[in-house]
Amino acid sequence: MQRRRVIQALAAAGALGGSPAGLWALAPNAAPAAPAVDTLPPLEGKLTLYLGHGEGGLYENVLEAIEKRNPKFELGIRRGPTAALANAIVAEARAGVRRADVFWAVDSGAIGLVDEAGLARPLPADLTGLLRPEFRYDNWAPVAGRIRTLPYFTGRLSADDVPSDIMALPDTGLSVGWAPAYAAFQSFVTAMRLLEGEEATLNWLRRLKPHATSYAGELGVVMGVERGEVDLGFANHYYTLRLRAGKPDAAVALGFTRGDAGCLVNASGILALAEGELPVNFIRYLLTREVQSYLAGEAYEIPLVSGVAPPPGLPPLAQIAPPAIDLTRLADLRPTLDLMRDAGVL
Amino acid sequence: MTTLLIPQLRRFTTALGLTSLLFALHAAADGPVGEHVNDLEAHLDEYSAEVVQLIDRIDGIVGAYDKGGLQSAKPEAVVEAWESVKFHSAIETHHVPLYASVWQGLVGVRTAIEQEAPIAAVRAEQEKLEQALWQSLGAVKLAARYQKRGLLPAVEATEAATPAETIDIIQRQLDRVVAKYAEQLTAAATGIVHDTYLQRFEGIEGQLIEQDAELVEDLEVDFNVTLPKALQDGAPVDKVRQIVEDMQAKLERAKTLLEEAEQNRADVF
């Protein structure tokens, strides 16, 4: 499995110490500013993109804009559930065919599946170097991030009531809302399993379960929190920001743990399956200042390049302390599902 | 790519009450869809003959019940007759609401016989079934005309590219919920509700909640409580259909809101 060069370097230098926390703040401005689209070479030729379900039509808007800007570029798109497309890419490769030139997935776990199969082409360092150091990978590029958060009901709690240690949450007695069937929640539990170990994670699930109410999805969790059905919940950050955009007086605010799976930063990602400059240059467009600003402003996603403001409503990113974790390892879902079943959560 | 109803076609189908002319399905739940559904025009005579034969056969079953009671009628043959005809998948792939009505009629006749209802009650169910079959034949003929003019895409797997297209898919999936429920496949109907919520509605509700938080709250309750509970409780098909129609009306409003939001959205470059 590919590991991030920066994690290795920092770990070798002892920068991580005994805690994986704090990478976000360690090198906040170590990447060059994101390029403007005007500086990129024009795209010419044909590409086939496999596009995993994304943020409504917003990824589509980006793709349409890229095509419009490059009249000699023709993009064929196959859309589908991210995991299904990842499996299709691997199956096609086993059958000796390659239909996709590029794979853009809403979930980095699916990227990991394809990368682990040895199908992703290395990306040039000048491209991956555009990303914040903690998001540089050899064979794929994170496009935009999302933070795990603990949205809390402001009618009963304040920020100080939210524990800074996710493992301490069951001890607080707070009622929680979760969506165990939801992919983002399962990635969060996977991160906990990788960071804390299987026994601690199983124990955490078992201890929290009596205090938990299940929801079908994470927007439902946030809405349940806002109605005061539970004290706090587990959800990606953008659900709360979007609810507050539609309902400015919503009784919900974002809470964060520090340095653990509770504030995992996951990302959508893209990889090239075909050789040549065209797939790489296409990926460069996604890391431009314009596209990153668009995704931050319209999809509330977190830009992973320098020089682009995060979505409004988030605290300064330097205050957030996500754990250091190789996102592609989140593809290893089976042990997580086993744990969740053992705990009676699934 | 999923093709939206063009305005002209939408107006026409709406005028005929065929607002859910269906454009895309992977496969019928009862097995693969035959290639004939992509060439309706060539099979219209066959479909017409099948409908006439079906109506005759149902009439024979009801007549046998009238003369000899339950033992003579063999009511299970009602459903067997329906499942054996090609017209079955033609209507399932091109107008799910009427497909549901046919199933509702079939089950109505079968149940009335099985419960040894008075012949007048059985005939009433038979009449509803015949109406649904004739309406379905009309819908397939209409679809054949549009298909011939190239206005309907092939029946195949499709994916949405925009929130509005996603809502179109959700609305069609909800039609399928009623159809499966009318077939008495409650688990399948419930599964469609669950999958549609997770795989479709979840993808757009983030954008929708920025436009109308209350509408999202309503639809959340519909998807996760009202509709699954009606299915689980064995509510009448008409009640389930009403819930679905209410949801589809809310989804229409959602589509308008999302389309308006899209028009006001910033450019990427």
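The values are calculated or read from the model by the stated rules, or taken from the named source; none is laboratory data. Because the structure is a prediction, the values reported are computed rather than measured. Cβ: placed from backbone, ideal geometry, glycine included. Neighbour counts: every protein chain shown.
The helices (runs of 4 or more DSSP H) falling completely within the range A:112-212 that include 1 or more residues that are among the small types (Gly, Ala, Ser) and over 24 Å from A:Pro81 (Cα atoms) map to A:125-128, A:198-208.
All of B:Ala164, B:Ala254 fail the test of being within 10 Å of another protein chain (Cβ to nearest Cβ), part of a helix (DSSP H, G or I) and small (Gly, Ala, Ser), apart from B:Ala164. When A:Glu290, A:Glu277 are screened for being within 30 Å of A:Val37 (Cα to Cα), away from chain B (no Cβ under 14 Å) and out of contact with any strand residue (DSSP E or B) (no Cβ under 7 Å at 6 or more places or on another chain), only A:Glu277 passes.
Filtering the range B:190-209 for residues that are among the hydroxyl-bearing types (Ser, Thr, Tyr), crowded, with 23+ Cβ neighbours inside 10 Å and more than 8 Å from chain A (Cβ to nearest Cβ) leaves an empty set.
Selection of the range A:15-57 for residues being loosely packed, with under 13 Cβ neighbours inside 10 Å, of a type in the set (Gly, Ala, Ser) and at pLDDT 75 or above yields A:Ala33, A:Ala36. Can you pull out the residues in the range B:212-258 that are of a type in the set (Val, Ile, Thr) and within 17 Å of the chain's Cα centre (by Cα)? Selection gives B:Val237, B:Val240, B:Ile243, B:Val244. Taking the criterion of being modelled with pLDDT under 95 and either of a type in the set (D, E, K, R) or within 15 Å of B:Tyr197 (Cβ to Cβ) (or both), the residues of the range B:233-262 that qualify are B:Glu259, B:Glu260, B:Glu262. The set of residues from the range A:242-257 being more than 7 Å from chain B (Cβ to nearest Cβ) and farther than 24 Å from A:Asp165 by Cβ comprises A:Arg244, A:Pro248, A:Asp249, A:Ala250, A:Ala251.
Residues in the range A:250-268 that are in a strand (DSSP E or B) and at pLDDT 95 or above: A:Val252, A:Ala253. Here is a check on your reading of the model: is A:Asn87 away from chain B (no Cβ under 14 Å), among the polar types (S, T, N, Q), outside any loop (DSSP other than H, G, I, E, B) and surrounded by fewer than 24 Cβ atoms within 10 Å (Cβ to Cβ)? In short, yes. Out of the residues in the range B:167-189 that are among the small types (Gly, Ala, Ser) and touching a helix residue (DSSP H, G or I) at 6+ places or on another chain (Cβ under 8 Å), state the one that is surrounded by the most Cβ atoms within 10 Å (Cβ to Cβ). Only one residue fits best here, namely B:Ala179.
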